Amino acid sequence: MLYRSLGRTGLNVSVLGFGASPLGGVFGPVGDGEAERAVRTAIDLGVNLFDTSPFYGLTASERVLGQCLVGVPRERYLIATKVGRYGQDEFDFSAARVTASVEASLGRLRCGHLDLIQCHDLEFASTTQIVDETLPALRRLRDQGKVRFIGVTGLPLAALRAVVERTTIDSVLSYCRYGLHDTALAAQLPTLQAQGVGVLSAAPLAMGLLNAGGGPAWHPADPELKAACQRVLRHCQERGADLGRLAVQFALAHPGIASTFVGIASTAEVERNAACVGTAPDAQLLAEVLAILAPVHGRTWPSGLPANQDPHSGPAP
Ligand code: NAD
């Protein structure tokens, strides 16, 4: 495993992070036995950062992850979870709700403190509420020793940047914005790094778009992006190449991104993704795939309040 420092937190995080949303069943059922084997294997392979949320599987991901970690020495893993999003359309970033939410997460995750607490999909709240109400409530929890570090997550980069410009946070988690089809996060790194903000990235398989199945039914990408991902899949199949490996290698290689969360549902996926660490993508295959994706490069989708959209994110849903 390789490790990088997360901003000014002093944490050294594994470049491969364990994305635990699949443990909540969001991509299909995962047996508890398989979940536990996957989590234990990840720790054995040096993965030390696990990302979850009360939203994933409507608390199932946190509950399963907590169960899988029973008996593992606490110093061997870092837990990142979230507040503010509780359902597809259920958001509550109020001080009262996020405070209660942290208590509930500590119970489900069976631990005395959370290493990182993040405002989940902050673009669904006003920046003013996040800065003036949510983050101060999380800082009070930090002062009580219940959380160590505080961050935000979301899709539109403008919304993440708006918070960083107005207050001090420890990390941002961006998803689907640094991978084969979109590298927009890279342009934000100098600003974030200059402010000591740790950068986490998620979903290098574009939340399943780059998988053989083509992504879950709920995937918000537009038909052109989905079709282009299918074209690269077919191209890799014809070449006998593993698109998942290429996508993960590409994402993990950026030195400015401390850790990349890949959604993991099995021991085989842990091993497959850990084998990508420190390896370079096949240059010829990468060039071919990027050429196929060029017409949709940077394509994202709307998420959150109208005021929080990135330019060119497409028509409102
Ligand atoms: P992903 O792009 O990581 O894709 C996950 C899917 O790919 C799953 O079906 C998984 O089984 C499969 N997979 C894993 N490794 C593979 C490989 N090598 N080849 C082919 N398929 C592979 O999407 P994700 O799970 O949505 O994102 C990863 C994690 O990032 C989440 O679990 C979550 O922790 C975090 N995340 C956070 C936010 C947010 O905070 N708003 C949003 C998205 C993701």
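So for the range 148-285, taking the charge dipole from beta-carbon charges (+1 Lys/Arg, -1 Asp/Glu), which of Phe261, Ala241, Gly154 sits furthest toward the positive end?
Selected residue: Gly154.
State the three equivalent ellipsoid semi-axes of the chain, derived from the C-alpha gyration tensor as the square roots of 5 times its eigenvalues, in descending order and whole Å.
Semi-axes (√(5λ), whole Å): 28, 23, 18.
Heavy atoms only, probe 1.4 angstrom, no DNA, RNA or ligands counted: give me Glu271, Glu288 ranked by accessible area, highest first.
My answer, sorted largest first, is Glu271, Glu288.
Can you give the calculated 222 nm mean residue ellipticity of the chain, where each DSSP H run of n ≥ 4 adds -39,500 (n - 2.57) and the sum is split over every residue, rounded to the nearest 500 deg cm²/dmol?
-11000 deg cm²/dmol
Return the carbon/sulfur percentage of the accessible area of the chain, one whole number, probe 1.4 Å, all protein chains in place.
Using a 1.4 Å probe with all protein chains present, the chain comes out at 54 percent carbon and sulfur.
Kindly report the accessible area of the range 54-148 per residue (heavy atoms of protein chains, probe 1.4 Å, no ligands, DNA or RNA), in Å².
Value for the range 54-148: 39 Å² per residue.
Distance between Cα centroids, the range 205-279 to the range 18-59: provide it in whole Å.
Taking the Cα centre of each part, the range 205-279 and the range 18-59 sit 17 Å apart.
Please list, ordered by chain and number, the residues whose modelled amide H lies under 5 Å from the amide H of Ser259; skip anything fewer than 5 residues away on the same chain.
Those lying under 5 Å, H to H, from Ser259 are Ser201.
How big is the antiparallel share of DSSP beta bridges in the chain, given as a percent to the nearest 5?
Roughly 15 percent of the beta bridges in the chain run antiparallel, per DSSP.
Residue by residue through the range 212-224, what is 3J(HN,Hα) from phi via Karplus (6.51 cos²θ - 1.76 cosθ + 1.60, θ = phi - 60°)? Round to whole Hz and write x for glycine and proline.
Each residue's phi maps through the Karplus curve to give 4, x, x, x, x, 4, 7, 4, x, 5, 7, x, 5 Hz.
Antiparallel versus total DSSP beta bridges in the range 85-180: what percent is that, nearest 5?
If we restrict to bridges inside the range 85-180, about 20 percent are antiparallel.
The values are calculated or read from the model by the stated rules, or taken from the named source; none is laboratory data. All of these numbers come straight from a predicted model, not from anything done at the bench. Cβ: placed from backbone, ideal geometry, glycine included. Neighbour counts: every protein chain shown. Side chains included, ligands, DNA and RNA excluded: accessible areas come from the protein's heavy atoms. Shrake-Rupley method; radii C 1.70, N 1.55, O 1.52, S 1.80 Å.
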